Amino acid sequence: MPLARTWSVALSGVDGVPVEIEADIGSGLPKVRLVGLPDPSLTESKERLRAAVRNSGEAWPSQHVTLGLSPATLPKNGSGYDLALACAVLAAAGVVPEGAWEFTVLVGELALDGRVRPVRGVLPGLLAARRHGLRRAVVPASTLPEAALVDGMEILGACTLADVLAWARGEQGRLALPEEPAPAAPPPRPDLADVVGQPEARWALEVAAAGGHHLLLLGPPGTGKTMLAHRLTGLLPELTPAEALEVTAIHSVAGQLDTDAPLVSSPPFVAPHHSTSVAALVGGGGGLAKPGAVSRAHRGVLFLDEACEFGPRRLEALRTALEEGEVRLARRDGVVRYPARCQLVLATNPCPCAPARDSDCVCPPNIRRRYLSRLSGPLLDRVDLRVHMRPLTAMSAVGVEPENTAAVRDRVSRARQAAAERWSDHGWRTNAEVPGPALRREFALPRKVTAVLDRGLSLGTITGRGADRSLRVAWTLADLAGADRPDADHVAAALEFRERRAA
Ligand SMILES: [Zn+2]
């Protein structure tokens with residue numbers, strides 16, 4: 001059997017593509033040749049393969065070995081093909097029976113001693129293999145819980161190459177089966193009941209959750225900006241099974257899954273530091289580009305604390321990603337795409353000296369103005385809700401017990417339901433997604449309802465985009481109130497969210 005075939009899988013962003021691997025053993029000098037656009041890290045794998053095979057107690061063929069990977073046009077970077085390459089060689093050498101790996105995708109990096117090491121992107125890889133008609137997967141044992149998220153495939157976990165070979169020779173017990181997942185309790189999420197006072201900011205958070213709006217929290221340190229931001233995901237609906245797989249696939253490619261409980265079923269919360277690199281923020285890096293914070297926050301919340309400190313390059317990169325709903329990374333061998341639909345929460349102090357109360361500020365007025373202008377206009381243009389938080393006083397802490405997350409989430413989910421039903425024919429799910437022209441024409445409100453906006457537009461105190469943002473928020477306020485459509489009060493209240501500025 002001088003020729004043998006196995007299957008592995010390549011990743012392009014979060015899309016997997018099955019890769020057919022052929023090994024041919026022929027006469028000639030004992031040498032290994034790789035054909036089919038091998039990336040440098042794949043060339044290194046030649047040495048790894050030889051060592052791993054030897055250290056698994058097998059002989060490496062003493063003839064000329066040609067390894068082909070197809071489709072040849074596809075970027076094949078990384079080390080995830082090691083296992084499939086080694087198995088193809090050994091099948092061609094007649095060490096294991098022909099056909100042992102029929103309809104089987106093999107994924108894993110090999111250590112020199114023959115251990116099978118985990119790789120990134122097992123979930124999207126297996127989803128692609130299943131689409132391609134492959135029925136069985138052999139994966140690194142530590143990624144079994146992740147692989148088991150793929151229904152309808154036989155999943156086997158390998159610790160060593162020797163185990164995989166023994167299994168192919170009929171020792172069924174050498175590969176591990178996934179364990180029945182214990183019903184995982186959702187991780188505890190911070191509750192709104194812990195937030196005292198700040199009624200305006202709490203309301204803004206509820207409106208942001210209901211309409212999917214981006215939010216800016218402006219205020220001195222110690223007013224609870226971070227605390228509030230952390231509580232937004234708790235107000236959002238759980239991910240649907242399809243969304244959960246989509247988000248888990250991104251986290252898998254990022255190499256950031258919880259090995260034991262890999263499924264990401266709640267909206268993620270991602271809070272990058274302002275010194276983080278642009279690549280870490282929007283994605284990048286060598287080899288298989290990693291998704292950045294904005295993609296890991298897909299279908300969840302991206303929180304930028306001290307947003308003014310992020311600087312124009314990072315903020316501009318973020319704006320582009322949010323505008324397009326995805327990140328496109330140019331690579332040597334093509335473009336990698338990662339989804340990036342998340343809700344943005346920006347928090348900032350009103351000025352660089354950041355006093356506990358505004359009256360203690362020592363910054364000259366021009367410095368104060370310049371500080372906030374660091375938040376780029378185009379990015380701020382996409383932020384529908386802006387709230388100025390004030391220091392907590394003894395008085396504001398007295399009185400009613402703060403509402404908890406469950407109570408607020410009920411109202412939010414009713415409002416989201418109403419919005420989703422209204423826009424369902426158009427493919428939008430939240431009010432924040434509705435384009436301005438649709439709000440102004442197809443879903444135009446009566447003149448007397450929008451009078452306050454029209455006046456602002458003619459006086460030049462509101463821009464066209466600002467008016468669109470207010471309309472979106474007005475629809476959310478109507479949804480929260482259980483109204484069919486916004487009235488003049490909703491529009492006026494929505495405008496408040498725009499006009500409130502740092503004094
Ligand atoms: Zn100041």
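The values are calculated or read from the model by the stated rules, or taken from the named source; none is laboratory data. Note that this is a predicted model, so its numbers are computed, not measured. Using ideal geometry, Cβ is built from the backbone for each residue, glycine included, and neighbour counts are taken over all protein chains shown. Just the protein is used for accessible areas: all its heavy atoms, side chains included, with ligands, DNA and RNA removed. Shrake-Rupley method; radii C 1.70, N 1.55, O 1.52, S 1.80 Å.
The figures follow:
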{"read-out": "Dipole-positive endmost among 407, 265, 366 within the chain (Cβ charges, Cα centre)", "value": "366"}
{"read-out": "Under the Karplus curve 6.51 cos²θ - 1.76 cosθ + 1.60, θ = phi - 60°, whole-Hz ³J(HN,Hα) for the range 10-20, x wherever Gly or Pro sits", "value": "9, 10, 10, x, 9, 9, x, 9, x, 10, 8"}
{"read-out": "Among 457, 175, 13 the positive-end extreme of the charge dipole of the chain (Cβ point charges)", "value": "457"}
{"read-out": "GluC sites (Glu not before Pro) lying in DSSP loop within the range 83-119, provided at most 14 other Cβ fall within 10 Å", "value": "98, 102"}
{"read-out": "Hz values of 3J(HN,Hα) by residue in the range 226-237 - Karplus curve (6.51, -1.76, 1.60), Gly and Pro given as x", "value": "5, 4, 5, 4, 4, 9, 5, 4, x, 8, 8, x"}
{"read-out": "Distance histogram in 10 Å bins (all Cα pairs of the range 407-503, percent per bin)", "value": "16, 49, 28, 6, 0"}
{"read-out": "Whole-percent carbon and sulfur share, accessible surface of the chain, 1.4 Å", "value": "53"}
{"read-out": "Helix axis angle, 488-499 relative to the chain longest principal axis, alpha carbon, degrees", "value": "70"}
{"read-out": "The range 3-168, relative contact order in percent, only Cα pairs under 8 angstrom and at least six apart counted", "value": "26"}
{"read-out": "Against the rule of thumb 2.2 N^0.38 Å, how large the Cα Rg of the range 3-168 comes out", "value": "0.93"}
{"read-out": "Under DSSP loop assignment and at most 10 Cβ neighbours within 10 Å, longest trypsin sites (Lys or Arg not before Pro)-free interval of the chain", "value": "32-331"}
{"read-out": "Rounded to 10°, Cα long-axis angle of helix 447-459 versus longest principal axis of the chain", "value": "90"}
{"read-out": "Simple Cβ-charge dipole of the range 411-503, Lys/Arg +1 and Asp/Glu -1, about Cα centre, in debye nearest 20", "value": "200"}
{"read-out": "Karplus-derived 3J(HN,Hα), 6.51/-1.76/1.60, for each residue of the range 155-164, Hz, glycine and proline x", "value": "10, 10, x, 10, 9, 9, 4, 4, 5, 5"}
{"read-out": "Rg to Rh, two decimals, where the range 208-354 supplies the alpha carbon set and Rh follows Kirkwood", "value": "0.97"}
{"read-out": "Leading residue at positive end of dipole, the chain (Cβ point charges), from 444, 288, 224", "value": "444"}
{"read-out": "Per residue value of the accessible surface for the chain (all protein chains in place, 1.4 Å probe), Å²", "value": "45"}
{"read-out": "The range 302-428 - Debye-derived log10 I(q)/I(0), Cα point model, q = 0.15 Å⁻¹", "value": "-1.01"}
{"read-out": "Binned Cα-Cα distance frequencies in the chain - 20 Å width, integer %", "value": "21, 43, 25, 10, 0"}
{"read-out": "Cut-off under 5 Å, modelled amide H: who pairs with residue 33 long-range", "value": "65, 66, 67"}
{"read-out": "Within the chain: Cβ-based charge dipole about Cα centre, in debye rounded to nearest 20 (Lys, Arg +1; Asp, Glu -1)", "value": "1540"}
{"read-out": "Degrees separating the helix 82-92 axis from the principal Cα axis of the chain, which is the longest one", "value": "20"}
{"read-out": "Cβ-placed point charges (K, R +1; D, E -1), dipole of the range 3-168 about Cα centre in debye, nearest 20", "value": "180"}
